[in-house]
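The next block holds one structure in the form of structure tokens; read it before the comments.
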Amino acid sequence: LGTRGIPAAHGGFETFAEHLALYLVAQGWRVIVYCQEDGAGMLFEDTWQGVERVRIPVSQTGSKGTMLFDWKATTHAAKFGDLCLTLGYNTAIFCALLRIKEVPNLINMDGIEWSRVKWGRCAKVWFWMNDWVGCWLGNHLVADHPQIKAHLQSRVAANKITTIPYGADSVTTAPLGPVHALGLEAGRYLTVIARGEPENSILEVVQGFSAKPRGYQLVVLGNYKQDNAYHRSVMNAASDEVRFVGAIYDKAVVQALRFHSAAYVHGHQVGGTNPSLVEAMGAGNPVIAHDNRFNRWVAGDGAVYFNGAVDFARAMDTLLANSATLADLRQHGQRRFQDAFTWPDVLKQYEVLLERYLPIGDTAQKDISQKLNPEFLSQSENPS
């Protein structure tokens, strides 16, 4: 529960839900994913690549539509005794119904959403309240970063929280076509993939990059509009070497842009294990990241850190003139990625945790399913 559904077409949680659902099905689990549909009508069910989907039409848009979908999904799930995994706590208050019905429910608590600058007062109060409520109502909590776990420990005991980071694919090759189609040259540009919001340091990055000619291009993904004051400030600060290429949702194109870039710029100031950062490391990008406790744990020695426009300009002066430093960052980042953020490792950690909370009957059924699964049999017979 908690995502727009699969296949992924919206964001990090949907990508994670797709990977986990397919992984668990391959391990012999029965998996049901709730999916939000645009429009009106009754819910309906289908199957996608072995994953059962409960598809719920919602005619409302925006946050109201999301809340209505979450409520309908929760009330449906509460009719059964299946183990639930809820991704995000934005409507955690609805999980009270699962508690009342004694339905086991694990909650991935995501980031500290109420601290984000972009939200107004009412939204912040709502998120803050649900942050507390989710900690109380979840049978167990998942934190995607040690600092998120530290935050949650101010609400509940440490033994109620398990830290499992976000994962990403390892990108070892990518076509040049998407890069050339945007008029870019491999290795002669940097990428910025983030929402155009102050907390993502977009303005500071553009100002620092534009302080002088670089001989590189800064490629900024996302929708930037003149009627948005912050977006307008970012665009007005940009030199001719900054390219605003719009929002790109094609995964293959984004992977190609990452793989062939000289470096990835990550200006996020808040949050846990950010999917964009992990995906950049999986593509072998040297990373230039905002200096904070979240990014330092994720990227480690695979990044150079900055704080503000002047600091970013200084980092550009150093890095773009030193290919050996970029190569060193790339090597450290890839090692860190392989140690902590590959999908097989992340998904296995989730499976082990979920098994602890399966109702007894479901645990027995899963054991039977695994024994009947030829792939499981071949793995069991060949421990190597």
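A quick yes/no check of all residues on (1) farther than 11 Å from Leu257 by Cβ; (2) of a type in the set (Ser, Thr, Tyr); (3) in contact with a strand residue (DSSP E or B) (Cβ under 8 Å, 6 or more places away or on another chain); (4) buried (at least 22 other Cβ atoms within 10 Å of the Cβ):
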| site | (1), (2), (3), (4) |
| --- | --- |
| Gly167 | yes, no, yes, yes |
| Thr173 | yes, yes, no, no |
| Val179 | no, no, no, yes |
| Leu184 | no, no, yes, no |
| Arg188 | yes, no, yes, no |
| Val192 | no, no, yes, yes |
| Leu218 | yes, no, yes, yes |
Select from the stretch 197-242 the residues that are at pLDDT below 95 and of a type in the set (Asp, Glu) and write down the one among them that is farthest from Gly183 (Cα to Cα).
Glu199
Residues of the stretch 124-144 satisfying the condition of being within 21 Å of the chain's Cα centre (by Cα) and either within 17 Å of Thr86 (Cα to Cα) or among the small types (Gly, Ala, Ser) (or both):
Phe127, Asn130, Asp131, Gly134, Cys135, Gly138, His140, Leu141, Val142, Ala143, Asp144
Exactly one of these conditions fails for Met42: (1) on the phi < 0 side of the Ramachandran plot; (2) in a loop (DSSP other than H, G, I, E, B); (3) under 19 Å from the mean Cα position of the chain (by Cα). Give me its number.
(3)
Residues of the stretch 271-324 being outside any helix (DSSP H, G or I) and surrounded by fewer than 19 Cβ atoms within 10 Å (Cβ to Cβ), in sequence order, are Asp291, Asn292, Tyr305, Asn307, Gly308, Leu320, Ala321, Asn322
Complete set of residues in the stretch 119-164 that are among the β-branched types (Val, Ile, Thr) and touching a residue at least 60 places away in the same chain (Cβ under 8 Å):
Val142, Ile148, Thr162, Ile164
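Let me confirm something: among Lys124, Lys149, Lys118, which residue is more than 28 Å from Phe259 (Cβ to Cβ), touching a Ser or Thr at 6+ places or on another chain (Cβ under 9 Å) and either outside the structural domain of Leu98 (by TED's automatic domain parsing) or modelled with pLDDT under 95 (or both)?
Going through Lys124, Lys149, Lys118 in turn, just one is more than 28 Å from Phe259 (Cβ to Cβ), touching a Ser or Thr at 6+ places or on another chain (Cβ under 9 Å) and either outside the structural domain of Leu98 (by TED's automatic domain parsing) or modelled with pLDDT under 95 (or both): Lys124.
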Kindly indicate whether His260 is surrounded by 20 or more Cβ atoms within 10 Å (Cβ to Cβ) and either outside the structural domain of Lys149 (by TED's automatic domain parsing) or closer than 30 Å to Ala143 by Cβ (or both).
yes
Residue under evaluation His151, criteria (1) surrounded by 18 or more Cβ atoms within 10 Å (Cβ to Cβ); (2) closer than 20 Å to Leu85 by Cα, criterion not met:
(2)
So Asp82, is it assigned to a loop (DSSP other than H, G, I, E, B), out of contact with any Pro (no Cβ under 7 Å at 6 or more places or on another chain) and charged (D, E, K, R)
yes
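The values are calculated or read from the model by the stated rules, or taken from the named source; none is laboratory data. Computed from a predicted model, the values in this text were never measured in an experiment. All Cβ positions, glycine included, derive from the backbone under ideal geometry; neighbour counts span all protein chains shown.
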